[in-house]
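Throughout, read-outs are computed from the coordinates displayed, never taken from laboratory work. Everything quoted here is computed from the prediction, not taken from an experiment. Note that we place each Cβ from the backbone using ideal geometry, even for glycine, and neighbour counts take in every protein chain shown.
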Amino acid sequence: MTKKILSTFLFVFFSLGITLNSEAQRRKKKNDKKVTTTPKKKPTKKGIQPYGKVVTKKHKTDNGLFKVHSKDNKYLFEIPDSLLNREMLMVTRIAKTANGIGFGGGKQNTQVLRWVKKHKKILLRVVSHNVVADSILPIHEAVVNSNFEPILYAFPIKAFSKDSTATVIDATSLFSNDVKAIGLPQFRRKAYKISKVDKNRSYIERMSSYPKNIEVRHVKTYVSNKPPSNASVGAVSLELSNSMILLPKTPMKRRYFDERVGWFTSSQTDYGLDTQKSKSVTYLDRWRLEVKDEDLQKFKRGELVEPKKQIVYYIDRATPKKWRKYIKQGIEDWQVAFEAAGFKNAIIAKDPPSKEEDPDWSPEDVRYSVVRYLASPIPNANGPHVSDPRSGEILESDINWYHNVMSLLHNWYFIQTAAINPEARSNKFKDAIMGRLIRFVSSHEVGHTMGLPHNMGSSVAYPVDSLRSANFTKKYGTAPSIMDYARFNYVAQPEDKGVAMMPNIGPYDKYAINWGYRPILNTSAKNEKATLNKWIIEKANDPIYRFGHQQAGNVIDPSSQTEDLGDDAIKASTYGIKNLQRILPKLEQWTTEDGEDYKELKTMYGQLMGQFNRYMGHVSSNIGGVYEYFKTSDQKGAVYVHVPKNHQKKALKFINNELFKTPNWLINKNIISKTQYSGSIERISSLQTRTLNRILKTGRLTRLIENEVLNGNKAYTIVNMMGDLRKGIWSELYTNKTIDTYRRNLQRAHIDRLNFLLNKAKNQRSPRRSGGYFKQTAVTINQSDIKAVVRGELKRLKRDVKRSIPAAKNTITRYHLQDIADRIDTILKPKK
């Protein structure tokens, strides 16, 4: 019975279980049916969409290199497949800036970029041309493997064009985010202690597409702990310009650089050369000037021919009409230089089309090079250019012309020529005079855009007295090159009637343009070198054709300085000072008008002081100076030559007489009483101290020591120089005369500098790269003779000062000498 009941129970339970399970299965199938009948979800916007859904009728389209579609501050790039993998140059410049942050037009970054399609993305890769090897060489593969192109940015593909020949991406974030490679460079971030970009205060201004380039303007606000201006804002705001320029499919033939002819350059490290090491190759930045096929025979016969493509500069519409012709003349002045290279009408100036003639014309279009007229207080002009890093081909150049460059020209022309030139004796020049000055600056800046840097070694080619000759200066100008900073003729004296006041396109300029631009037909860039070297050797012994680097920071070669004239700085500066002495008594008369204040008088008094200071710099740089004459091994003579002993000695004598002996003629009581309530003593003291410290730089003293080691008695030694300096600054100790206020200040400055050299001067290292703009003499100060000589000078001075105290002429002189003796004691035995 029990078993039967149990069996029945199990059967019922089992049957119930089956029933329950079947019901569950039926419910599941029913639910499954419901799931399958649920409508499908809409595709997410993250995937690739139909073109019409991404680029809508509400978008505004700008056709050019890419189609740029914009809507609601979002920007889409439609990149043709034909431009994928093409190299493009991205140039970042400051468009608008605040005080202290560079200047408008200043280049900040340059990158070569390539757009690459990979899976469902477009990658923006950075291309390096720094390290190369010919693709036919086995080492090419190793170079490629060592130069994997980094990915700057990745963009999801939004859509494909209707004909599937272009890809659409959203490019907004590339310019709205802080992409350092196309933004403010690291050195500025470090200087201003920038931490990040404030997106709330940053935005894209616009994007414009042209046939060969895309221009982007965007405002960036960087959070800064050390902004150069507007510190209360705690940020640096500026407008950046990014130019993305399509590089030519076929690079131009290079022309290799030679340091004996000054040129802006590009360079690469080439592992494919037949040498036992990698080698840097450097080539010229220059325009692509080529002979038309139909003119080849004419060119070979020496006839002038027009190039296939002229260099054309447009004058900005914003340029005042009365100045346009002078800027144009400055541009076309270079035609004579290109004629030396075999081309006629190679460079021309044009007015841009009016808005009615061509509403789409823009100075930002890379097809047009433009002299941009900028309403800015910056007293300057500059001529940057954009070049293909593969070949050096200049693709475009915009000269930035700031309105206030005219104030700079006025001040230079006034101070340097008013003594002999009535046209320069006013606050406002006649339009014809200012126009001629504008033409001069225009020519200079255009020279930069041709590839020519400053040639500061040019002006020393002309004898000083030749600059006083009307016949000579009208024929040759004031320097062989307009690329020197040979401003205006401060050497000429009132009796020198008819002299030229400024340089023109000179013989060096014609020589350099011929060397860089004359086509050498039917030969490779490598094989051109023999011809180029021959052209240099033909002119090598003529100083007119010499190139001298501009020197920043330390002037080591005194024959390659800014703002100087002639082959003898002492003689030229003597003439220059005579003219300043003629100008000073007339300064109030020439700068003031009834009813006006004395601002112009104050400005020009400061300019006169500045010009006098330049003369002191020109002369003092000869002390411890070393001439630099670029040569190759097939030329005779030394590259580096110390300035002769007698000339160095004369230079210091000049400084002692003209500056360290109080220049009382500069202290004009009438002008001081109308322009400053105090500071006249400090002004003279500052002039003297600046030159004194320049003479007593550790690098200069080291070169004096080296000169003695190398040349013995032929050298101007450090001991000789220190003795001559002491006798000039402290002459009252040996003549028993009263020491005036200015001299007391100078003597204290001398003691301060000796203290610096003995107790505070630090070691200096040579720059990593020799030559160029920045030079510095290496000094290990504790192992140098400098400290021993300085200590000896201090002891000698202490002895001479103590001897002179009893004979002091007045109380202040006695107090001064007593103080000097105590100061020297402290310097020789400083407290620890």
When we measure straight from the Cα of K674, which lysines land under 18 angstrom away, once same-chain ones fewer than 8 places off are left out? K586, K599, K602
Using r as the Cβ-Cβ distance of A525 and E303, and R0 as 25 Å, what FRET efficiency do you calculate, to the nearest 0.05? 0.50
Give me, ordered by chain and number, the residues 5 or more places off E393 or on other chains with an amide H under 5 Å from its own placed amide H. M252, R286, D388
Local charge sum around G723 (other residues, Cβ-Cβ under 13 Å, Lys/Arg +1, Asp/Glu -1)? +2
Got a sec to turn the phi values of the range 544-552 into Karplus ³J(HN,Hα) couplings, 6.51 cos²θ - 1.76 cosθ + 1.60 with θ = phi - 60°, whole Hz, x for Gly and Pro? 4, 9, 7, 10, x, 4, 6, 10, 9
Given only helices, namely DSSP H runs of n ≥ 4 each adding -39500 (n - 2.57), what is the per-residue ellipticity at 222 nm of the chain, to the nearest 500 deg cm²/dmol? -11500 deg cm²/dmol
For peptides 568-576, 287-295, 522-530, sequence by mean Cβ density within 10 Å, most packed first: 568-576, 287-295, 522-530
Quick one: net charge around Q561, please, counting Lys, Arg +1 and Asp, Glu -1 for every other residue with C-beta under 11 Å from its C-beta. -3
Percent of beta bridges antiparallel (DSSP, the range 285-409, rounded to nearest 5): 30
Links that overshoot a 23 Å alpha carbon limit, given the list K578/K661; K196/K226; K650/K760: K650/K760
In this model, which of K697/K775; K60/K158; K795/K831; K158/K180 are farther than 20 Å apart at the alpha-carbon? K158/K180
Residues whose placed amide H lies under 5 Å from that of I399, excluding near-sequence neighbours: V370, V371, R372
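Take the Cα pairs of the chain, get the Kirkwood Rh, then feed it into Stokes-Einstein at 37 °C and 0.692 mPa s and tell me D in µm²/s.
Working: Rh = 31.9 Å.
D = 103 µm²/s.
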Angle check, please: helix 569-583 long axis (alpha carbons) against the longest principal axis of the chain (alpha carbons), in degrees 0 to 90, nearest 10. 80
Name the residue from F66, L587, F264 whose Cα lies farthest towards the positive end of the charge dipole of the chain, charges +1 on Cβ of Lys and Arg and -1 on Cβ of Asp and Glu. F66
In what sequence, highest mean first, do 504-512, 308-316 appear when ranked by Cβ atoms within 10 angstrom? 504-512, 308-316
Protection proxy (average C-beta count within 10 Å per residue), highest first, orders 795-805, 218-228, 542-552 as 542-552, 218-228, 795-805
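Rounded, prolate or oblate: which fits the range 285-409 when a ≥ b ≥ c are the square roots of the eigenvalues of the alpha-carbon gyration tensor, with rounded for a/c under 1.5 and prolate only if a/b beats b/c?
It is prolate, given that a/c is not under 1.5 and a/b is the larger ratio.
Taking only C-alpha pairs under 8 Å that are 6+ residues apart, what is the relative contact order of the chain in percent?
Working: 1445 pairs, mean separation 63.9, N = 832.
It rounds to 8 percent for the chain.
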For the range 68-78, Karplus-derived ³J(HN,Hα) couplings (6.51, -1.76, 1.60; θ = phi - 60°; whole Hz; x for glycine and proline) come out as 10, 9, 10, 6, 6, 6, 10, 10, 9, 9, 10
Under a Cβ-only charge scheme (Lys and Arg +1, Asp and Glu -1), can you give me the dipole magnitude of the chain about the Cα centre, in debye to the nearest 20? 4140
Explain nothing, just the number: relative contact order of the range 696-832, from Cα pairs under 8 Å at least 6 residues apart, as a whole percent. 27
Tilt of helix 786-804 relative to the longest C-alpha principal axis of the chain, in degrees (0 to 90, nearest 10)? 40
How many angstrom lie between the Cα centre of the range 510-547 and the Cα centre of the range 720-792? 44
Note the angle between two axes, namely the Cα long axis of helix 741-755 and the longest principal axis of the Cα atoms of the chain, as a number of degrees from 0 to 90, rounded to the nearest 10. 60
With a sphere of radius 12 Å drawn around the Cβ of I681, what net charge do the other residues whose Cβ falls strictly inside it have (Lys, Arg +1; Asp, Glu -1)? +1
Enumerate the calculated ³J(HN,Hα) couplings along the range 340-357 in order (Karplus 6.51 cos²θ - 1.76 cosθ + 1.60, θ = phi - 60°), each rounded to whole Hz, writing x wherever the residue is Gly or Pro. 5, 8, x, 10, 10, 6, 6, 9, 9, 10, 9, 7, x, x, 6, 4, 6, 6
